[in-house]
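First comes the structure, then the notes that go with it.
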Amino acid sequence: MTRAQYFLLTIGLLHHALGRPDTSYHEISKRATVPDLGFYSPLAVDGGNMLTQIPETFPAGQGEPLNVIISGKSDPLILSSSPQDNGGLFNYFLSLSFGTSCGGGINLGDKQSANLGDGQGYVNETVVMRYNYGDPVRGTCNETQLGGNHFRFWRQSGSAANSSAVFLAVSYELSLEQQHDIAVNGYNLGRDWLVGNATSNAFANPNPLSTQASTTASGPAIIPSASYTGSTTANGWTYQTTATYVTGLLQATSAGINHNSTVEEDGRPALDGLVALLTVSITARNE
């Protein structure tokens, strides 16, 4: 380990120790209520936001999009965010080729927080999950070094809007040497590639559904023509994921988006205005 790497690891440990953990990290509340969409819109409550909050950005006040939601209508075991739950959320992420950051799950970057409009205010990310390049043991170290797809997540579990839905901020980042800047079109690509992993589908760049994303929608709405289904497996568990796309939660814009000057592509804004909604069932168990 070089002196610079040791310094980064030390800083990461401090961030890990000082950050306020996601208080919804463990079991699902039995009082969860799930609306028809499978989640409550954070925008329906004053203070809720579909962009994360980041301690330091340039310019100040930029955030990253919550661009994937795992529906509260998914199997209850999927909605548990405890690593100890056999077959639960972390195993589902493994089936998509994602794992916690190497070095015990410590993230060297700033902790981001999100306000899901559930009455808890801004809550720190649960953990950062990184693409493992086909190696569940050491692959996330490659993602940290070389870059790739990654995400943070939060669970909507506060008393004001308890759906148990899981909100992800997904993006494709560049290498550590490039300071983990977000790749060109990296928010939209990261979202679509995660959906592709879950459903075995490939998506065009830019996503053609983005033409249906409205910046003036009065509320979230599912694009009825877009539905993708596929299966994944990990540790003897099999999951079926159905993905749809939702408009009216994010704007097609670069305003207020972290790294927006480098993420824009061919005159298109950093975000295309789409959020992917995943509904996950368990079709084979290993209990």
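A few comments on the model shown:
- Filter pass, Ser74 being touching a Leu at 6+ places or on another chain (Cβ under 6 Å), over 24 Å from Asp272 (Cβ atoms) and assigned to a loop (DSSP other than H, G, I, E, B): no
- Residue match in region 194-210 (condition: polar (S, T, N, Q) and surrounded by 23 or more Cβ atoms within 10 Å (Cβ to Cβ)): no
Yes/no per residue for (1) in a loop (DSSP other than H, G, I, E, B); (2) open to solvent by 10 Å² or more (accessible area, probe 1.4 Å); (3) among the hydrophobic types (A, V, I, L, M, F, W, C):
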| position | (1), (2), (3) |
| --- | --- |
| Phe58 | yes, yes, yes |
| Gly61 | yes, yes, no |
| Ser80 | yes, no, no |
| Asp85 | yes, yes, no |
| Phe93 | no, no, yes |
| Gly121 | yes, yes, no |
| Glu143 | no, no, no |
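- The set of residues in region 235-257 being touching a strand residue (DSSP E or B) at 6+ places or on another chain (Cβ under 6 Å) and assigned to a loop (DSSP other than H, G, I, E, B) consists of Gly248, Leu249, Leu250.
- Complete set of residues in region 235-287 that are open to solvent by less than 10 Å² (accessible area, probe 1.4 Å), within 24 Å of Glu56 (Cα to Cα) and β-branched (Val, Ile, Thr): Ile257, Val263
- Flag for Thr232 being open to solvent by 60 Å² or more (accessible area, probe 1.4 Å), of a type outside the set (Gly, Ala, Ser) and not in a loop (DSSP other than H, G, I, E, B): no
- Scanning region 258-287 for residues being outside any strand (DSSP E or B), under 23 Å from Asp36 (Cβ atoms) and small (Gly, Ala, Ser) gives a total of 1.
- Arg191 being open to solvent by 10 Å² or more (accessible area, probe 1.4 Å), under 24 Å from Tyr92 (Cβ atoms) and modelled with pLDDT of 95 or more: no
The values are calculated or read from the model by the stated rules, or taken from the named source; none is laboratory data. Keep in mind the model is a prediction, meaning the values are calculated, not measured. Glycine also receives a Cβ, built like all others from the backbone with ideal geometry; neighbour counts cover every protein chain displayed. Heads up: the accessible areas ignore ligands, DNA and RNA and are worked out on the full protein's heavy atoms, side chains in. Shrake-Rupley method; radii C 1.70, N 1.55, O 1.52, S 1.80 Å.
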